[in-house]
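Chemist: Following this message is one structure expressed as structure tokens.
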């Protein structure tokens, strides 16, 4: 699209005048956004802008001062700030432009990104491609519908983590934690090391949502009780929280009368799951999955809106930042390819699939004749012929949801709805098994993945079913 | 005999460590050699890496730090109590030593982020 076209189409809009044009705009400077930026840059698109609303790059890693990041990516255990530091260094060394203190307020389907900052006021940018990397938010008390009074002292675990680790404030001294997700477990240890007493961690489900090693090193190391199948049924206190009532729950997660216990506390931390933060995605008209809460994407991590990509926790909640970075890298590669296509340059040859389609109607003016001759796959056409990935049985969801090419291996990430042991994970199309992997154990709290090799992918006829078969109990 | 969860990586193997009459420790359930080493250490001298924060006197953010080697598990709370009294000042670079040889463990407390 020519610049003049954009100015014309935007004239009647209420958004700020478009003042800039940037090839790849990345919303969010956390691990997903930084990895996307670095990989887009290395893929040959250097006109990038990372927009970050915080005062510094790094996202949530800045407050995750504990260790355990980077085992896959860097083959060593790093703390959150160290992991972020590796990417910040790379962003700085490559000279990738970023702007902190910039709050994105709007994204449109034609990729106009509007942000506000103290020094520039409101600015709109026309982006060649947009990468959504806004991360997630924690489920709040309001979303959990916990009965009781509304005193001070009820925080999400991540809020408390920021207070303690970044700002140096202690939220309280006698703590109850609801939810045994990783952040809750990590915070149980953090608060203990800071001299607080963690009375208990209550988990509604009969199993913890966190990693087994975090139960060992965060709770067991400090003799903090984990109460499974328990929840908070009342919050007490007028100005400040003075205690909570906890109850055991039955198989349907309903509190069992007569099991109530009062625990005195001055702080209640909530670690009850993360929700992808897709307010901006919705504004752009991106279709969201009711299961993941994130965008519906193809294997290029491209959303239902052409040229808008999504990666990291805004796409689906990850357990490990290493996979967030991987996903960011994929996004960066494909967003830069999208930009190059629409500029009319040739796509890298390895990206050209055997079923390549030969023109791009949506942006035909921008595609040069050379590009047409090179049999470039265009996104609009590729996704119309996309292969759907259909999760079945205990497979709750998959990312990606569709596959647009058969020239490259595709790694499919998924989660299960319940635990199972000695299982076989299978991806099949028709009667053809494309990939089958045995796993010792799958659990809802742990994201799994399988890779379909390109040569097997080519044999796919229609949709790919993803399912799990359990070894029969003898 | 001791059952434990390996904390070396996110897989979190369930380990069982058995000590025979000669004092030799046999570990099962581990998917990699690091698990065996971990279980042995848990029975003899359990160690952990400490991650914490210290105050920066000239900035409004805290400085994240860690022990650059694991320290005995029994010293975690004591070491953390010491760090809550320690002050540092920016600029600091990742890896800068903030406290040398914490509690005589041989491990240094080092910065885990850059603060300009």
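Every number here is computed from the coordinates shown, using simple stated rules; none is lab data. What you see is a predicted model, and the numbers here were worked out from it, not measured in a lab. Heads up, the Cβs are rebuilt from the backbone with ideal geometry, glycines too, and the neighbour counts pull from every protein chain shown.
Chemist: Given a Förster distance of 45 Å, report the FRET efficiency between residue A:283 and residue B:32 from their Cβ-Cβ distance, rounded to the nearest 0.05. Don't jump to the answer; show the numbers that get you there.
Modeler: Details: r = 46 Å, r/R0 = 1.03.
It comes out at approximately 0.45.
Chemist: Of all DSSP beta bridges located in chain A, what percent are antiparallel, nearest 5?
Modeler: 60 percent
Chemist: At q = 0.18, 0.19 Å⁻¹, what log₁₀ I(q)/I(0) does the stretch A:140-272 have when each alpha carbon counts as one equal point scatterer in the Debye sum?
Modeler: Result of the Debye calculation: -0.93, -1.04.
Chemist: Just order A:232-239, A:157-164 by mean Cβ neighbour count inside 10 Å, highest at the front, would you? Walk me through the numbers before you get to the answer.
Modeler: Details: A:232-239: 17.1, A:157-164: 21.5.
Highest-to-lowest ranking by the protection proxy: A:157-164, A:232-239.
Chemist: Sorted by mean Cβ packing within 10 Å, highest first, what order do the peptides B:58-65, A:72-79, A:132-139, A:327-334 take? If you can, show how the numbers build up before the last one.
Modeler: Details: B:58-65: 19.0, A:72-79: 16.2, A:132-139: 24.2, A:327-334: 26.9.
Sorting B:58-65, A:72-79, A:132-139, A:327-334 by mean packing, highest first, produces A:327-334, A:132-139, B:58-65, A:72-79.
Chemist: What shape does the stretch A:10-154 have by the C-alpha gyration tensor, where a ≥ b ≥ c are the square roots of the eigenvalues, rounded means a/c under 1.5, and otherwise prolate means a/b greater than b/c and oblate the rest?
Modeler: Numbers: a/c = 2.32, a/b = 1.14, b/c = 2.04.
Taking the square roots of the gyration eigenvalues as a ≥ b ≥ c, the stretch A:10-154 is oblate.
Chemist: A further question follows. Of the candidates B:96, B:20, B:52, which one comes out as most mobile in a Gaussian network treatment of chain B with C-alpha springs shorter than 10 Å?
Modeler: Residue with maximal mean-square fluctuation among B:96, B:20, B:52: B:20.
Chemist: Principal axes first, then extents: for the Cα atoms of the stretch B:2-44, list largest minus smallest coordinate on each axis, whole Å, largest first.
Modeler: 33, 14, 14
Chemist: Averaged over B:61-67, how many beta carbons belonging to a partner chain fall within 10 Å of each residue's beta carbon?
Modeler: Numbers: counts 7, 8, 3, 11, 3, 8, 1.
For peptide B:61-67, the averaged partner shielding equals 6.
Chemist: Report the extension gain between residue A:236 and residue A:170 in nm, rounded to one decimal, defined as 0.36 nm multiplied by the number of residues separating them, less their alpha carbon distance.
Modeler: Values: separation 66, 0.36 × 66 = 23.76 nm, distance 2.05 nm.
Contour length minus the Cα-Cα distance gives 21.7 nm.
Chemist: Let me ask you something else. Calculate the tail of P(r) for the stretch A:422-474: the fraction of all Cα-Cα distances greater than 13 Å, expressed in %. Display every interim value, and only then the final one.
Modeler: Details: 823 of 1378 pairs.
Tail fraction, whole percent: 60.
Chemist: Could you work out how far apart the two model spin labels at residue B:1 and residue A:163 are, taking each label as a point 7 Å from the Cα in the direction of the beta carbon, and quote it in nm?
Modeler: 4.5 nm
Chemist: Within 10 Å of each Cβ in B:2-15, how many Cβ atoms from other chains are there, averaged over the peptide?
Modeler: Details: counts 0, 0, 2, 8, 3, 12, 4, 6, 13, 7, 9, 3, 2, 0.
Mean number of neighbouring Cβ atoms from other chains: 5.
Chemist: With a cut-off of 8 Å between alpha carbons and a minimum separation of six or more residues, what is the relative contact order of chain A in percent? Show your work: numbers first, answer last.
Modeler: Values: 1149 pairs, mean separation 66.9, N = 474.
14 percent.
Chemist: Another question, then. Please average, across the residues of A:439-448, the number of beta carbons from any other chain that are within 10 Å of each residue's own beta carbon, and give a whole number.
Modeler: Details: counts 0, 3, 2, 0, 0, 0, 0, 3, 0, 0.
Counting Cβ atoms of other protein chains within 10 Å of each residue's Cβ and averaging gives 1.
Chemist: If you don't mind, there's one more thing I want to ask. Under the rule a/c < 1.5 gives rounded, and otherwise a/b versus b/c splits prolate from oblate, where does the protein assembly as shown land using the Cα gyration tensor?
Modeler: Numbers: a/c = 1.70, a/b = 1.40, b/c = 1.21.
Since a/c reaches 1.5 and a/b is larger than b/c, the shape of the protein assembly as shown is classed as prolate.
Chemist: How big is the Rg/Rh ratio for the stretch A:162-225, C-alpha atoms only, Rh by Kirkwood, two decimals? Provide the component values of the computation, followed by the final result.
Modeler: Working: Rg = 11.2 Å, Rh = 11.7 Å.
Across the stretch A:162-225, the Cα-based Rg/Rh ratio is 0.95.
Chemist: I'd like to compare A:196-202, B:2-8, B:101-107: which one has the highest average count of other Cβ atoms within 10 Å, and what's the full order after that? Don't skip to the end; give the middle numbers.
Modeler: Values: A:196-202: 22.1, B:2-8: 18.4, B:101-107: 15.1.
The densest-packed peptide leads the list: A:196-202, B:2-8, B:101-107.
Chemist: Could you work out the pair-distance distribution P(r) of chain B from its alpha-carbon pairs, with 5 angstrom bin width and percents rounded to whole numbers?
Modeler: Taking all Cα pairs of chain B, the binned fractions are 2, 11, 19, 16, 13, 13, 11, 7, 5, 2, 1, 0 percent.
Chemist: Could you tell me the distance between the Cα centroids of the stretch A:226-267 and the stretch A:273-308, to the nearest Å?
Modeler: 35 Å
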